[in-house]
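Written out below as structure tokens is the structure these notes cover.
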Amino acid sequence: MNVIPTLLILLMALVVAFAQAWWGGLRGWIGVQVDLLPALMVCAALQTRLATVALLAVFGGLGFDALSANPWGISILPLFVVGLGLYAWRGLILRRQAFAQFLLGLAACGVVPLLTLLLLLTAGYAPLVGWGTIWQLAVMALVGGSLTPPLCRFFEAGQLALSYRRHTQSSFRPDRDIRRGRR
Amino acid sequence: MLKRPHYVALIIVTLIALVVLNLPGGAVARLRFAFNGFFLPLFGFAATSQNLAGQAGDLLVPRRELIRENQQLRRDNQQLQLVATQAVEIARENARLRQFLGWREQAPWKGRLKLGQVILREPANWWRTVQIDLGSRDGLRTNLPVLTVEGLVGRVSAVSFDRAQVVLLGDPNCRVAALVENATRDNGVLGPSGPVPGDVAVLSYLPPGAVVKPGQKVVTSGLGGIFPKGIPIGQVLDSQSVEFGLYVEARVKLAANLNGLEEIWVLMP
């Protein structure tokens, strides 16, 4: 069992969660902070195993909530639900196509915050919600969707760099060697 | 189509989420603190890169510019010293008058302010918080007011050993008793306005007859016991009567730039 993709995606989740909290990003300009964990979940769901998807949801969700004012653990389920859905139907998706990744990222980056908000409201918390939330979700979905294909490429490149190269079999077979000329 | 392993994974993850969400408050705080340990290398990396960027920036500033800035700061310093001399005289007069009237003296801020730096901002769009580099080792505790030279920023909401979370004005968990500096000095409660824009809050529960005009200043009223009286909050943008004239509500543009916070002052007890 190769654990490198799992470790790599967890490391990326850690860096992404921290970068979102460290760098103000678009918030100063347009009042929106983009969340890239759903985009990372799309990459994981399309390219890794179910256990990795579950680990990413737990680890990424806990990491995000540790840096946020969210109740600790509230982001786990929305991330996993989206990841599981993609994982279950990934056979029907052209997962190597950048456009497919963009659309999946767009949907995931819109749905995960929406589910988190619904969970928060259901649990009795009072987050900042209003008409501006629609604008925020739209920007998050669009930017997250646009960054999903590069994230997936980066993840693939990281896996290739850190894993052993697959042994490719030569097409040469000595028993079928055609010898020409006279002996 | 979902298969059996998918359901098993869903049940396990749901159980983990439910267990974490239902942990007692103390345990959550400790575990959160422990989990933050994963981010320590990234904190170090971020601080180093910031230092390097700062040093590179310093090298790029021409000497002439530094000399000009130095002269400007000297002039500002002299002006502020004059103002401070006048303020000392006014404070003495104030103290004498308070003594005559038997009013209790307000605790001076001098020596009670602790400078901190913002190290992290809220990654979620539905809260307004920041994390600062002061913690319980610096004597911080919850509900201490946090301000900048422009005005009030918020209050300390959670404290760990070397870090603290500050809940900013406009967050649903930060409500401030405030008053408008008009003729009747009307009192209200400053609360959240909405997700965007981030520099506006709503002053609610002003009396029905309150005359609140754009440009009037809003300061803390001192009611509630957390924020001392007279800290600037912002200026009134507009006002309207709500709930069929039951009370007046005003939008307030906050004095402090909450999106660009870098250094803050914590008012210690």
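Nothing in this text is a laboratory measurement; each read-out follows from the coordinates by a stated rule. Nothing here was measured: the structure is a model prediction, and the numbers come from that model. Note that each Cβ is placed from the backbone with ideal geometry, even for glycine, and that neighbours are counted across all protein chains shown.
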Between rounded, prolate and oblate, where does chain B land on the alpha carbon gyration tensor, with a ≥ b ≥ c its root eigenvalues, rounded for a/c under 1.5, else prolate if a/b exceeds b/c?
oblate
Residue by residue through the stretch B:154-171, which ³J(HN,Hα) values in whole Hz follow from phi under the Karplus form 6.51 cos²θ - 1.76 cosθ + 1.60 (θ = phi - 60°), with glycine and proline marked x?
x, 9, 6, 10, 8, 10, 10, 4, 10, 9, 9, 9, 10, 8, 8, 4, x, 7
Explain nothing, just the number: dipole magnitude of chain B about its Cα centre with +1 on each Lys and Arg Cβ and -1 on each Asp and Glu Cβ, in debye rounded to the nearest 20.
480
Where does helix B:4-21 land angle-wise versus the long Cα axis of chain B, in degrees 0 to 90, nearest 10?
30
Dividing the mean separation of Cα pairs under 8 Å (6+ apart) by the residue count of the stretch A:4-162 yields a relative contact order in percent of 30
Estimated FRET transfer efficiency (B:D133, B:L223; beta-carbon r; R0 35 Å; 0.05):
0.70
Is there a quick way to get the dipole size of the stretch A:4-162? I mean about its Cα centre, with the Cβ of Lys and Arg at +1 and of Asp and Glu at -1; what is the value in debye to the nearest 20?
320
Using DSSP to define loop residues, name the trypsin sites (Lys or Arg not before Pro) in the stretch B:1-101 whose beta-carbon has at most 13 other beta-carbon atoms within 10 Å.
B:K3
Normalised alpha carbon radius of gyration of the protein assembly as shown [divisor 2.2 N^0.38 Å]:
1.24
Just flag the chymotrypsin sites (Phe, Trp or Tyr not before Pro) in the stretch B:54-109 sitting in loop per DSSP whose Cβ has no more than 15 other Cβ atoms within 10 Å.
B:W103, B:W109
Run the dipole for the protein assembly as shown about the Cα centre, Lys and Arg Cβ at +1, Asp and Glu Cβ at -1, nothing else charged, and hand back the magnitude in debye, nearest 20.
1880
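Can you give me the convex hull volume of the Cα atoms of the stretch B:113-269, divided per residue and expressed in Å³?
In the stretch B:113-269, the Cα hull volume divided by residue count equals 98 Å³.
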Leading residue at positive end of dipole, the protein assembly as shown (Cβ point charges), from B:V13, A:Q33, A:H167
A:H167
For a quick check: sort B:M268, A:M41, A:M140, A:M12 by the number of other beta carbons within 10 angstrom, fewest at the front.
B:M268, A:M12, A:M140, A:M41
For chain B, what is the calculated [θ] at 222 nm in deg cm²/dmol (nearest 500), taking -39500 (n - 2.57) for each run of four or more DSSP H residues and dividing by its residue count?
-11500 deg cm²/dmol
log₁₀ I(q)/I(0) of the stretch B:144-216 at q = 0.11, 0.16, 0.21, 0.26 Å⁻¹, via Debye over equal Cα point scatterers, no solvent, to two decimals?
-0.33, -0.65, -0.99, -1.25
Fewest first, what order do A:W89, B:W126, A:W22 take by the number of other Cβ atoms within 10 Å?
A:W89, A:W22, B:W126
Summing -39500 (n - 2.57) over the DSSP H runs of n ≥ 4 in chain A and dividing by its residue number, what mean residue ellipticity at 222 nm do you reach, to the nearest 500 deg cm²/dmol?
-22000 deg cm²/dmol
Using the basic label-point model (7 angstrom from Cα toward the beta carbon), what is the B:V19 to A:I178 distance in nanometres?
6.5
Dipole-positive endmost among A:I74, A:G61, A:G105 within the stretch A:1-155 (Cβ charges, Cα centre):
A:G105
What is chain A by shape, rounded, prolate or oblate, if you read a ≥ b ≥ c off the alpha carbon gyration tensor as root eigenvalues and call it rounded for a/c under 1.5, prolate for a/b larger than b/c, and oblate otherwise?
prolate
Treating the angle as unsigned and between 0 and 90°, give the value, to the nearest 10°, between the Cα long axis of helix B:25-35 and the longest Cα principal axis of chain B.
80
Go from 0 up to the bin containing the longest alpha carbon distance in the stretch B:4-59, width 10 Å each, and give me the % of pairs per bin.
20, 23, 23, 19, 12, 4, 0
Radius 14 Å from Cβ of B:Q99, net charge of other residues (Lys, Arg +1; Asp, Glu -1):
+2
May I ask you to evaluate 6.51 cos²θ - 1.76 cosθ + 1.60, the Karplus curve with θ = phi - 60°, for each residue of the stretch B:227-244 and list the ³J(HN,Hα) values in order in whole Hz, giving x for glycine and proline?
9, x, 6, x, 7, x, 10, x, 10, 6, 8, 7, 9, 8, 7, 10, 6, 6
Between A:F172, A:F18, A:F155, find the one with the highest GNM mean-square fluctuation for chain A; connect C-alpha pairs within less than 10 Å.
A:F172
At a Förster radius of 41 Å, what calculated FRET efficiency corresponds to the Cβ-Cβ distance of A:A161 and B:A34, to the nearest 0.05?
0.85
Can you list which of the DSSP-assigned H helices in chain A have a Cα extent of 27 Å or more along the long axis and an average Kyte-Doolittle score of at least -1.0?
A:98-122, A:131-162
Top mean-square fluctuation among A:G61, A:G105, A:G124, Gaussian network model of chain A, C-alpha springs under 10 Å?
A:G124
Among A:A141, B:A255, B:G116, which residue has its Cα positioned farthest towards the positive end of the charge dipole of the protein assembly as shown, with +1 placed on the Cβ of Lys and Arg, -1 on the Cβ of Asp and Glu, and the dipole taken about the Cα centre?
A:A141
With Cα atoms, 0 to 90° folded angle of helix B:40-60 axis to chain B main axis:
50
